[in-house]
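Heads up, the thing below is written out as structure tokens.
The values are calculated or read from the model by the stated rules, or taken from the named source; none is laboratory data. What you are looking at is a predicted structure, and each value in this text was computed from that prediction instead of being measured. In this analysis, Cβ positions are derived from the backbone assuming ideal geometry, glycine residues included, and neighbour counts consider all displayed protein chains.
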């Protein structure tokens, strides 16, 4: 059975730096959509009430 080649210190350092750079770039964007879509419950209720009122006012008979 063949064995895996030995990893040099340089190869391990390069692989670790790639992982660190990937995590550093990915982390800020991972949950950015959550903070953009977060609104207060009070404004959400006001929006829902106004949307319901608009639907009632513009209902096709």
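Can you name the condition, by its number, that residue 1 falls short on among (1) outside any helix (DSSP H, G or I); (2) modelled with pLDDT of 85 or more?
Every condition holds for residue 1 apart from (2).
Pairs needed: first member in the stretch 1-15, surrounded by 10 or more Cβ atoms within 10 Å (Cβ to Cβ); second member anywhere, at pLDDT below 80; C-beta distance under 9 Å; at least 6 residues apart or different chains.
Qualifying pairs under 9 Å: 15/7.
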